[in-house]
Amino acid sequence: MIIVMKQNAERKDIEDVVKRVEELGYKVHLSRGEARTIIGVIGAEEHLLPSDAFEVMGGVEKTMRVMQPYKLASRDFSPSDTVIDVNGVRIGGKPIVVMAGPCSVESREMILETAHMVKAAGATILRGGAFKPRSSPYSFQGLGEEGLKYLAEARELTGLPVITEVMGSEDIELVGDYTDIFQVGARNTQNYSLLKALGKQRKPVFLKRGISGTIQELLMSAEYILAGGNMQVMLCERGIRTYETATRNTFDINAIPVLKGLTHLPIVADPSHGTGMSQLISAVSKAAVAAGADSLMIEVHPDPARAWSDGAQSLTPERFTQLMQELRLVAQAVGRDL
Ligand code: PEP
Ligand code: MN
């Protein structure tokens, strides 16, 4: 249930309602918008609460049932967009944030070179995998902590915040020592023990849609992190598995406006994994920005033909630079900056 306070509700009114909700054994989520405050009531039996328990209280305008199974992720709970600040880079505001870098960190030189290059082209966050969730146990699994150290060095030299994947709860502390954003990969979207553990962290979480996951399942996974107290979650459309085999995945452009309607969390598009083909990244990136994405994650490699993972879907520095220039025009056309 959400309790919508009147525009002129006083602080005391809000405090009284919060107290009453807590006395009844529920948790409170406060959303202070410019016009009015919304009090979210959270608890397993919340649907049993009679709405008139609050409607008679001072300063209350109305109560509303939230029909979706996710609460904290819902737009009803927080009507204004969530903006996540990562060392001064704001994700979810007017500027489109581009996160770029290689699929895997392969060496110190390679990540430093890529970091300088993507920064020069206009990216504001550096990506790179150190723990890689590969479909085969015989494929390159990532450099591990060594890779994390190189990412941290790249951040120091360029000032770009970094994002890297955490594959299991047991790695959270180690990865958290180096990264600015925890990435949860598509193979882990429903790893609920990992999501619960990330809910206790105070760093932003970048949550990818599952390979065969629905939009609602993605939002429920986000809810696990939010329910743990970590409100800094962004959601990523990275393509889903369909019957189509012409591309690696089917990038679900619908997911972007659907998610923007359902949730206040920032939405990221990943056209690299969404298509699997470097020649499609430009068109799908532009479509994603036009559709309302707040951010893009793009794989860039200094020499894609020699990449240790995902070379086929990585842009060369030249093509990435060109794409950034073209994207600026699309961003402007839909009232965003880049
Ligand atoms: C990645 O970002 O390199 C990655 C492994 O992505 P996904 O989890 O979407 O497959
Ligand atoms: Mn990849």
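The values are calculated or read from the model by the stated rules, or taken from the named source; none is laboratory data. As the structure is a prediction and not an experimental result, all values here were calculated from the model. Cβ sites come from the backbone with ideal geometry, for glycine too, and all protein chains shown count toward neighbours. Quick note on the areas: whole protein, heavy atoms, side chains included, nothing else; ligands and nucleic acids left out. Shrake-Rupley method; radii C 1.70, N 1.55, O 1.52, S 1.80 Å.
Observations, loosely collected:
- A Cβ distance below 8 Å, combined with a sequence gap of six or more or placement on separate chains, defines the contacts here; from segment 294-308, residues that are farther than 16 Å from MET99 by Cα and open to solvent by 10 Å² or more (accessible area, probe 1.4 Å) reach residues that are of a type outside the set (A, V, I, L, M) and away from ligand 1 (no atom under 16 Å from the Cβ) in the pairs ASP303/THR316; PRO304/THR316.
- Unique residue being within 16 Å of ligand 1 (Cβ to nearest atom) and assigned to a loop (DSSP other than H, G, I, E, B) when the list is ALA293, ALA288: ALA293
- Some residue of segment 224-231 being part of a loop (DSSP other than H, G, I, E, B), buried (at least 19 other Cβ atoms within 10 Å of the Cβ) and either touching a helix residue (DSSP H, G or I) at 6+ places or on another chain (Cβ under 7 Å) or not assigned by TED's automatic domain parsing to the domain that holds PHE131 (or both): yes
- All positions within segment 250-275 that are in contact with a Ser or Thr (Cβ under 9 Å, 6 or more places away or on another chain), surrounded by 24 or more Cβ atoms within 10 Å (Cβ to Cβ) and closer than 29 Å to VAL66 by Cβ: THR263, LEU265, PRO266, ILE267, VAL268, ALA269
Every residue, every condition in (1) within 19 Å of VAL205 (Cα to Cα); (2) crowded, with 18+ Cβ neighbours inside 10 Å, yes or no:
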site: LEU126; (1), (2): yes, yes
site: GLY129; (1), (2): yes, yes
site: LEU143; (1), (2): no, yes
site: LYS149; (1), (2): no, no
site: ARG155; (1), (2): yes, yes
site: LEU160; (1), (2): yes, yes
site: MET167; (1), (2): yes, yes
site: GLU170; (1), (2): yes, no
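- Flag for SER193 being touching a residue at least 24 places away in the same chain (Cβ under 8 Å) and more than 23 Å from ASP310 (Cα to Cα): yes
- Residue that is least open to solvent (accessible area, probe 1.4 Å), among those in segment 18-73 that are hydrophobic (A, V, I, L, M, F, W, C) and without any contact (Cβ under 8 Å) to a residue 12 or more places away in the chain: ALA44
- Just one of the listed residues (VAL105, VAL97, VAL89) is within 14 Å of ligand 2 (Cβ to nearest atom), closer than 23 Å to GLU237 by Cα and modelled with pLDDT of 95 or more, and it is VAL105.
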